[in-house]
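Engineer: Sharing a structure below in structure tokens format, with a few things to ask.
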Amino acid sequence: MQTIQKSRVPDLLAALAKDATVFVPAKDNGVSSFVPWVPGVELALGEGNTTLSPKGVTFPQTEKMYCYKAPGTELSIEEVPADSTRRVVFGIRPCDVKGFYLMDQLFLTRGYEDTFYKTKRDNSVLISLGCIQAMPTCFCEAFGINPGKAEGADVLMYDLGDFYGFEAVTAKGEGVLALAGGLFSTAGGNPPAAAANSLQVDVEGITPKLQKMFEHPLWAEICRTCLNCGTCTYVCPTCHCFDINSANRGQEGYKYRCWDSCMFSDYTLMAGGHQPRPTKKERVRNRFLHKLQYYPERFGDFGCVGCGRCLAKCPVTIDITRLIRQFKEVALDVQ
Amino acid sequence: MSSSATATPVANPLVPVVGKVIKIVQETPDVKTFHVTTDQGKPFVPMPGQLGMLSIAPVGEAMFSVTSQGPDHLEFAIKKTGILTDALHEIEPGQAVAVRGPYGNGFPVDFCKGKDILFIGGGIGLAPVRSLINYCVANRQDFGNLQIIYGARSSADLCFKEDLFENWPQVPNCRVDVTIDRAEEGWNGNVGFVPAFLEKLNPSPEGKVAVTCGPPIMIKFVLAALAKMGYVPEQIITTLELRMKCGIGKCGRCNIGSCYVCLDGPVFTLAQLNTMPNEY
């Protein structure tokens, strides 16, 4: 394992930043997120996962797609150059690494590759920090995630007290560590014990159960307090829905995409007024079924990573783990 | 260093090409058909039932079925019903538009081959069905008898009048039955709703595929009528529409359960729909 003193992390980041934009967890006004590192940025590495997920590194909240000029009846379209900046995501937690994997399934498989996502993802290196302390809302183990060691990361990083330890897993990861080679010491050292989740939920059998419960009255009860504010979808590392819109300036402008939310009524509202999900019951149901039934059906994996952000941030304390338990407890009539 | 192995860059599926409207046909008071081409000819080559994303860049972008195609153009029949479609109804031939596609699965033409096809359409719902009708007409030897049952609110609201009353009736073994909702002066055809007209005509389910599209309420009663007449879910096909933004199964909103209508649809058999949540 290669190690570095915690006090020398800024030197490490400076070395990585010569070649790439390095996204680090940092806090601003009480909200932590992954931001491009510049000298002086105070890292929030010791506080569990960030308020906002790192999905914006490869799927920005707002992203320009192409420019157009439309004078009179004419039209010209100019593509925005692909953003192939090299990216290093430093200190990403194992749950969020799984989030990237799930986003990869969505954006890169099943017929089409999303060019905007792919360019950024192909140029991203994930340096994952194992968790030695669980937050009260963590339940990643429910989805088979090891909180101490992120499967799918390019570099595994461990908190060793006064040091951080690093192990490259992929060639990309080796390449990144080589950039800072002189800063490391080589030490034995074992990875620290992973933090056990504080929140336990058993998801075994939830998908087949939900497949039989689309019309169940429990949905009306669960949605009762929901404000359809969309916070859960914005903080979620796997929520990927986006809107496409125009920004016009006179006869020219650009198309952009931005995060959208299935919690909003406009999301499915059609021209002419048809609305397949007319009330919050249908919208709440769609979000939870997407995580626990539709994603497993389509991609063979749950669409939730147990990061706990949605239940930590929900203003009316809707909690997906409680929901899973409630649905599992329902006795269904044998048909 | 050699750079001869550079791969051809893959086109970004979310970026449209520039097209031009070369002809506009006023079908009904609120439906126009737009013929769209590009400098390189047809924007893309869709199979019947596939979709195209059409936009006036500064206004908006929406998904439409490609109702028909010629050697150098695609046709979109569009009802005036929202912000973009209002803008489209204002344009004149020569207007540049943006277009991308094709999207979706399209009608299962191989499954339909060798069978009689019953088409049941209502209002603007004939637009997607027409792409399959025209395909069957163009490949007449591959299909059995064709029967088209179509209705609209009034005679003025009938789309594709030239096809209904001139072109299709002349196709060998092709029968066209048209109805309007309420009686009006000068109308000698059937009066009544499509599902009732369908039951009256009572086409046998034997060796047949039924393809239907129309307003949701019409589809509901057509499906009930077909079931009553002995059609099984595997031989009933419909095409759906939901709000779409990307067209490639990424933006999320057109899902019915774990299916995306833009990718796995828009064409589904009733047997498939019966296994999906009733949320469309």
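Engineer: Straight-line reach from B:K115: which lysines fall under 20 Å, measuring Cα to Cα and dropping same-chain residues less than 8 apart?
Structural biologist: Within the straight-line cut-off, B:K115 pairs with B:K208.
Engineer: Percent relative contact order of chain A, based on C-alpha pairs within less than 8 angstrom and at least six residues apart? Intermediate values should be presented prior to the final figure.
Structural biologist: On the way: 608 pairs, mean separation 68.3, N = 335.
For chain A, the relative contact order is 20 percent.
Engineer: If you plug each phi of segment B:101-109 into the Karplus form 6.51 cos²θ - 1.76 cosθ + 1.60 with θ = phi - 60°, what whole-Hz ³J(HN,Hα) values come out, in order, with x for Gly and Pro?
Structural biologist: My calculation for segment B:101-109 gives x, x, 10, x, 7, x, 6, x, 5 Hz in order.
Engineer: Counting only residues 5 or more places away or on other chains, whose amide H sits under 5 Å from the amide H of B:K115 once H atoms are built in the peptide plane?
Structural biologist: Placed amide hydrogens put B:G144 under 5 Å from B:K115.
Engineer: For A:295-302, what's the mean count of beta carbons from other chains sitting within 10 Å of each residue's beta carbon? Working shown, then result.
Structural biologist: Details: counts 1, 1, 3, 7, 1, 0, 0, 0.
Partner Cβ neighbours, averaged per residue: 2.
Engineer: With just the Cα atoms defining each centre, how far is segment B:209-254 from segment A:167-237? Give it in Å.
Structural biologist: After rounding, the separation between the Cα centres reads 37 Å.
Engineer: What is the distance in Å between the Cα centres of segment B:119-147 and segment B:171-190?
Structural biologist: Cα centres, segment B:119-147 to segment B:171-190: 17 Å.
Engineer: Let me ask something else. How large is ³J(HN,Hα), in whole Hz, for each residue of segment A:252-262 in order, when computed from phi with the Karplus curve 6.51 cos²θ - 1.76 cosθ + 1.60 and θ = phi - 60°, using x for Gly and Pro?
Structural biologist: Each residue's phi maps through the Karplus curve to give 9, x, 9, 9, 9, 10, 8, 4, 10, 9, 5 Hz.
Engineer: Using a 1.4 Å probe on protein heavy atoms only, how many Å² of accessible area do A and B hide from each other, summed over both chains and rounded to 100?
Structural biologist: Approximately 3800 Å² gets buried when A meets B.
Engineer: Roughly how many Å² is the accessible area per residue of chain A, as a whole number, for a 1.4 Å probe?
Structural biologist: Averaged over the residues of chain A, the accessible area is 44 Å².
Engineer: Moving on to the next point. Calculate for the protein assembly as shown the 222 nm mean residue ellipticity that helices alone would give, adding -39,500 (n - 2.57) per DSSP H run of length 4 or more and normalising by residue count, nearest 500 deg cm²/dmol. If you can, show how the numbers build up before the last one.
Structural biologist: Values: 17 runs with 136 residues, N = 615.
When only DSSP H runs of four or more count, the value is -6000 deg cm²/dmol.
Engineer: Sticking with this one: If one computes the Cα centroid of segment A:5-56 and of segment A:274-335, what distance in Å separates the two points?
Structural biologist: 32
Engineer: Please turn the phi angles of segment A:205-216 into ³J(HN,Hα) values with the Karplus equation 6.51 cos²θ - 1.76 cosθ + 1.60 (θ = phi - 60°), one per residue in order, whole Hz, x for glycine and proline.
Structural biologist: So the J values, rounded to whole Hz, are x, 5, 5, x, 5, 5, 4, 9, 10, 4, 9, 5.
Engineer: Which shape class applies to segment B:109-239: rounded if a/c is under 1.5, otherwise prolate when a/b exceeds b/c and oblate if not, where a ≥ b ≥ c are the square roots of the Cα gyration tensor eigenvalues?
Structural biologist: The shape class here is oblate.
Engineer: Which of the peptides A:258-271, A:83-96 is most tightly packed, and how do the rest follow, judged by the mean count of other Cβ atoms within 10 Å per residue?
Structural biologist: Values: A:258-271: 18.6, A:83-96: 22.9.
Ranked from most to least packed, the peptides come out as A:83-96, A:258-271.
Engineer: Follow-up. State the three equivalent ellipsoid semi-axes of chain B, derived from the C-alpha gyration tensor as the square roots of 5 times its eigenvalues, in descending order and whole Å.
Structural biologist: They are 32, 23, 18 Å, listed from largest to smallest.
Engineer: Another question, then. Could you tell me what percent of the accessible area of the protein assembly as shown is made up of carbon and sulfur, with a 1.4 Å probe and every protein chain present?
Structural biologist: 51
Engineer: From other protein chains only, count the Cβ atoms within 10 Å of every residue's Cβ in A:266-273, then give the mean. All intermediate terms of the calculation are to be shown ahead of the outcome.
Structural biologist: Details: counts 2, 5, 8, 3, 7, 12, 8, 2.
Whole-number average of other-chain Cβ neighbours for A:266-273 is 6.
Engineer: Please sort B:143-151, A:273-281 by packing, taking for each peptide the average over its residues of neighbouring beta carbons within 10 angstrom, highest first.
Structural biologist: Packing order, densest peptide first, comes out as B:143-151, A:273-281.
Engineer: Something else now. Going through segment B:158-248, which trypsin sites (Lys or Arg not before Pro) have at most 12 other Cβ atoms within 10 Å and a DSSP loop state?
Structural biologist: Of the trypsin sites (Lys or Arg not before Pro), the ones in loops of segment B:158-248 whose Cβ has at most 12 other Cβ atoms within 10 Å are B:R182.
Engineer: Here's a follow-up. Normalised by the number of residues in segment B:17-103, what is the relative contact order in percent for Cα pairs under 8 Å and 6+ residues apart?
Structural biologist: 39
Engineer: Tell me which residues come under 5 Å, amide H to amide H, from A:V22 once H is placed; ignore anything under 5 positions away on its chain.
Structural biologist: Amide H neighbours of A:V22: A:W37, A:V88.
Engineer: Report, by chain and number, residues whose modeled amide H sits under 5 Å from the one on B:R175, excluding near sequence neighbours (fewer than 5 apart, same chain).
Structural biologist: The answer is B:L146, B:Q147, B:I148.
Engineer: Pull out a ≥ b ≥ c, the square roots of the eigenvalues of the alpha-carbon gyration tensor of segment B:17-103, then state rounded if a/c is under 1.5, prolate if not and a/b is larger than b/c, and oblate in the remaining case.
Structural biologist: Rounded.
Engineer: Quick one: grab the alpha carbon gyration tensor of chain A, order the square roots of its eigenvalues as a ≥ b ≥ c, and give me rounded if a/c is under 1.5, else prolate or oblate depending on whether a/b is larger than b/c.
Structural biologist: Oblate is the answer for chain A, as a/c is 1.5 or above yet b/c matches or exceeds a/b.
Engineer: Evaluate peptide B:251-264: per residue, the Cβ atoms of other protein chains within 10 Å of its Cβ; return the mean as an integer.
Structural biologist: 6
Engineer: Are any of the pairs A:K280/A:K313; B:K113/B:K228; B:K113/B:K250; A:K6/A:K27; A:K55/A:K172; A:K55/B:K245 more than 22 Å apart by Cα-Cα distance, and if so, which?
Structural biologist: Pairs exceeding 22 Å: B:K113/B:K228; B:K113/B:K250.
The values are calculated or read from the model by the stated rules, or taken from the named source; none is laboratory data. As the structure is a computational prediction, the values presented were derived from the model and not from experiment. Quick reminder, even Gly has a Cβ in these numbers, built from the backbone with ideal geometry, and neighbours come from all protein chains shown. Side chains are part of the model used for accessible areas, which takes the heavy atoms of the whole protein and leaves out ligands, DNA and RNA. Shrake-Rupley method; radii C 1.70, N 1.55, O 1.52, S 1.80 Å.
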